[in-house]
Amino acid sequence: MVRPQPPEGPPVVRLAGVRLHYGKAEALRGIDLDISAGQMVGLIGPDGVGKSSLLSLIAGARAVQEGEVHVLGGAMTDRRHREGVCPRIAYMPQGLGRNLYPTLSVEENLQFFARLFGHGAAERRRRIDALTRSTGLYSFLSRPAGKLSGGMKQKLGLCCALIHDPDLLILDEPTTGVDPLARAQFWDLIARIREDRAGMSVIVATAYMDEAERFDWLVAMDDGALLATGTPTELLERTGAHHLEAAFAELLPEERKRGHKPVVIPPLDVDDDDIAIEAKDLTMRFGDFVAVDHVSFRIRRGEIFGFLGSNGCGKSTTMKMLTGLLPASEGQAWLFGNEVDSHDIATRRRVGYMSQAFSLYGELTVRQNLELHARLFHVPIEDIPDRVTEMADRFSLEAVMDELPEQLPLGIRQRLSLAVAMVHKPELLILDEPTSGVDPVARDAFWNLLAELSRRDKVTIFISTHFMNEAERCDRMSMMHAGQVLDSDTPARLVEKRGAGSLEEAFIGYLVEAGGDGDGKSEDISIVQSQQGHESDGERSRFSVQRMLSYVWREALELRRDPLRGTLALAGSVILLLVMGFGISMDVNNLRYAVLDRDQSSMSQRYQLDISGSPYFLEQPPITDYDDLDRRMKSGDLALAIEIPPGFGRDLLRGERVAVAAWFDGAMPMRGETVQGYVQGLHQHWLADQMRMAGIGAAGGSIAVENRFRYNPDVKSLPAMVPAVIPLLLLMLPAMLAALAVVREKETGAIINLYVTPVTRAEFLLGKQLPYVALAMINFIVMVLVSALLFDVSPNGSIAAMLVAGLLFSLIATGMGLLASAVTRTQIAAMFLAMVGTLIPAITYGGMIDPVSSLEGTGRLIGETYPASHMFTITRGVFNKALGFGDLVNSFWPLVIAVPVIVGLAIKLLKKQEG
């Protein structure tokens, strides 16, 4: 096989036999490719063909499974080479601002990335000013990244990627979902950067064929394989097509093109007064944010009406208001003459809605999805089989009726979603970006179906899109930006009004007129490269305190701006301390009891008086008989019933053995056993007193045993429980917070910054850990103060020893959280593992309730090695026994050893590459 390669320059990337699997699915199928240095190379194709997977392998973000991936002169399977070239590669992943931190400002995001690449303060200032002035972001340095527009997020992501003078820039669909003006500004910026850095290579994945025409060399991909390579002109000449989208369709395998028909939409023939949808000053506010701002339009029955705009401009929100899914904040909307009402089911049945994300049930087959939606829309039971057959035939689903949706190609899933939306034969079809990510052939087939529905069945179609060629197919369209409709008319009239050469130029003109260039006016500033160069291998391999402190600084900022996490750590621990301190009690006070006196003698009365005088018991009315005893015990009125037998006083005076019956509520065994001990003690003490008064000597002569309790003389629960509850909460809550801190980055995609920057796993985890250690120590001090002020349980021993132990234990707790996050991928799983891994062993084996010395076998081993048991010993020793460092040294050593073991294991298990 001839290896595809660009016409000039040495290869910056060389791929040989590259394969990649996700489970049983093969994402890449033996890719062989050379990419020359200094070129701008585009990977073109729909979603799911392997573009992102290929780029992640080249960037080093994903581990190579099979084949050879050589980048910048070395194999990416070689860890040393991968770490060496990391500062020479910049990777901007797919998704708006996916590598950004939304709570950080533009300035703080750039400062963070500049610190990771080792720039000093002056160099950081120079680079940030130059990059933001050239991208038009200088005026927005203080704005949080999460509040930027889509175009501004992409510019900021590019600035973060270029902060370190890369030799290879990798951009994964950088302009998907942004408006045409922002796209044009983005590519102008790339062109200027390439002029300044002539040797820099750029690899771009894109689904927009029109922007691919500006690239030096193209790689067309489908189903994990290469279709063709060449310049845009070469691909057009090879296929005889007039534009790249048609050329890509021609390059597809024959089985994919079979039955392909160009989109033909017959002329519209409708009554201009027959209105299907009307909106008047429709407005939607989310707090202070206006998502849709006084939108008005009318759509005729049978018309294909398009909504053109970027992600976040308000298209989906408007559609949800029209279907009744969102109540409008202001304005009115009518469907078929009836005002939109979320409770008007009859009108809503006349509407079919296909959401931006396929609303299919993954655990149901194609047939079951169709049957379920038919039932949900009250299609008569007897008509459902025929209706399902009709949908399968009309949308070409017969061959996949028993397949699960997730197993279907994107194009077939798209047809299934349309069939589901049409199964109840609605008169209005609302489609929210239905063709995103599908190939041109599938997109054309979908539009042919829409044309048939509109012209033959007179179904009104309201469709949103950000593809210009799709918008041109609509009968009329509205251009939308920042929640407002800029203009509504036929595509040809909109172009004519602006005097533009294309619909895209017209849209850009409307955006500029509306202030859509508010992303900031860019300045033509040369981004001069630094003279400091890239770090050497020796510099990079060492642990960098600056990179670690960069993560400390960023995590502290996010903590400060997320009050929920701080509240969970501080207020949550205090609340739990109060609940557990008062709630977990072994004390028995005010125990409700009653007596069934079957003797009725003076002795039995004296016996009862002695019990009633005890501070532990609360006397209730006497029991009349056994039925009364049974009833009151069942109802919970009594926790203890005492039965004095007949002849009790007589037998006692004769010196004979006497006994009473005590009935305990055993629903809580530990409490019942405690009550039993109290009753036995009272009984024996009363008998001894009576014998002494009668002049009868006790057995054992003059020897007596006097019981004394040290450290907790009143044998109360609070002095025992509070010193144990504090370490328990210090273990659980910081572990959960630290676990969320890391796994949240996995869910949002920001973990990619660990994969593609020089930061090491140790720097990353320690930087994430230290702010939570500081928070845990504040938490620990607050809990100690609460215990002293509210529970009157104060530390009597060395405060310094307890603080050192608290610091070590905070490192252990947060380390356990990091360990949980290293082996999980979701926040729910990380929280569950952190909670179970801390709470259960601490309570069961840590000696919180039962001493570790009372355990046997594996339980004893866990108890002696688990750090919580030693922390319990230290806190109880300091609180109750007035102990210090010297007394507790044997409990400190296990904590000291546990810190590097737990944190080191978390570092070892955290992956520096995905997959």
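The values are calculated or read from the model by the stated rules, or taken from the named source; none is laboratory data. Source: prediction; values computed, not measured. Virtual Cβ from ideal backbone geometry, glycine too; neighbours counted across all protein chains shown. Heads up: the accessible areas ignore ligands, DNA and RNA and are worked out on the full protein's heavy atoms, side chains in. Shrake-Rupley method; radii C 1.70, N 1.55, O 1.52, S 1.80 Å.
Within the range 604-619, identify whether any single residue is open to solvent by 70 Å² or more (accessible area, probe 1.4 Å), farther than 30 Å from residue 719 by Cα and out of contact with any Asp or Glu (no Cβ under 9 Å at 6 or more places or on another chain), and answer yes or no.
Yes, the range 604-619 contains a residue that is open to solvent by 70 Å² or more (accessible area, probe 1.4 Å), farther than 30 Å from residue 719 by Cα and out of contact with any Asp or Glu (no Cβ under 9 Å at 6 or more places or on another chain).
If we scan the range 78-90, do we find a residue that is part of a strand (DSSP E or B) and either of a type in the set (Asp, Glu) or crowded, with 22+ Cβ neighbours inside 10 Å (or both)?
Taking every residue of the range 78-90 in turn, at least one turns out to be part of a strand (DSSP E or B) and either of a type in the set (Asp, Glu) or crowded, with 22+ Cβ neighbours inside 10 Å (or both).
Which numbered condition in (1) buried (at least 16 other Cβ atoms within 10 Å of the Cβ); (2) outside any strand (DSSP E or B); (3) in contact (Cβ under 8 Å) with a residue 24 or more places away in the chain is the only one that residue 262 fails?
Going through the list (1) buried (at least 16 other Cβ atoms within 10 Å of the Cβ); (2) outside any strand (DSSP E or B); (3) in contact (Cβ under 8 Å) with a residue 24 or more places away in the chain, residue 262 breaks only (1).
Taking residue 297 as the residue in question, decide whether it is surrounded by 22 or more Cβ atoms within 10 Å (Cβ to Cβ) and of a type in the set (Phe, Trp, Tyr).
So residue 297 fails the test.
For residue 184, state whether it is under 21 Å from residue 45 (Cα atoms), hydrophobic (A, V, I, L, M, F, W, C) and touching a Leu at 6+ places or on another chain (Cβ under 7 Å).
Taking the combined requirement at face value, the residue does not satisfy it.
Do the conditions hold for residue 247, that is, is it open to solvent by less than 20 Å² (accessible area, probe 1.4 Å) and in a strand (DSSP E or B)?
So residue 247 does not fit the description; no.
Exactly one condition in (1) open to solvent by 80 Å² or more (accessible area, probe 1.4 Å); (2) in contact with a strand residue (DSSP E or B) (Cβ under 8 Å, 6 or more places away or on another chain) is false for residue 858; which is it?
The number of the failed condition is (2).
Take the residues in the range 863-895 that are farther than 13 Å from residue 812 by Cβ and among the β-branched types (Val, Ile, Thr); name whichever of them is surrounded by the most Cβ atoms within 10 Å (Cβ to Cβ).
Applying the filter and picking the extreme gives 875.
Which helices (runs of 4 or more DSSP H) does the range 95-171 wholly contain that include 2 or more residues that are open to solvent by less than 10 Å² (accessible area, probe 1.4 Å) and free of Cβ contacts under 8 Å to residues at least 24 places away in the same chain? Steps first, answer last, please.
Working: elements: 106-116, 121-135, 150-161.
Those helices (runs of 4 or more DSSP H) do not exist here; none qualify.
Filter the range 312-340 for residues that are surrounded by fewer than 17 Cβ atoms within 10 Å (Cβ to Cβ) and polar (S, T, N, Q) and give the result.
329, 332, 338
Answer yes if at least one residue in the range 450-462 is farther than 22 Å from residue 270 by Cα and assigned to a loop (DSSP other than H, G, I, E, B), and no otherwise.
There is no residue in the range 450-462 that is farther than 22 Å from residue 270 by Cα and assigned to a loop (DSSP other than H, G, I, E, B).
With respect to residue 705, is the statement that it is at pLDDT 85 or above and either surrounded by 13 or more Cβ atoms within 10 Å (Cβ to Cβ) or outside any helix (DSSP H, G or I) (or both) true? Give the derivation first.
On the way: at pLDDT 85 or above: no; either surrounded by 13 or more Cβ atoms within 10 Å (Cβ to Cβ) or outside any helix (DSSP H, G or I) (or both): yes.
Answer is no for this residue.
Take the residues in the range 621-658 that are modelled with pLDDT under 80 and not in a helix (DSSP H, G or I), then tell me which one is surrounded by the fewest Cβ atoms within 10 Å (Cβ to Cβ).
Here the answer is 657.
Being open to solvent by less than 30 Å² (accessible area, probe 1.4 Å) and either in a strand (DSSP E or B) or in contact with a Cys (Cβ under 7 Å, 6 or more places away or on another chain) (or both) is the filter here; which residues of the range 488-503 pass it?
Correct list: 491 only.
Just to be sure before I move on: is residue 58 surrounded by 15 or more Cβ atoms within 10 Å (Cβ to Cβ) and over 22 Å from residue 409 (Cβ atoms) in the structure I sent?
Numbers: surrounded by 15 or more Cβ atoms within 10 Å (Cβ to Cβ): yes; over 22 Å from residue 409 (Cβ atoms): yes.
Here the answer is yes, as residue 58 does meet what is asked.
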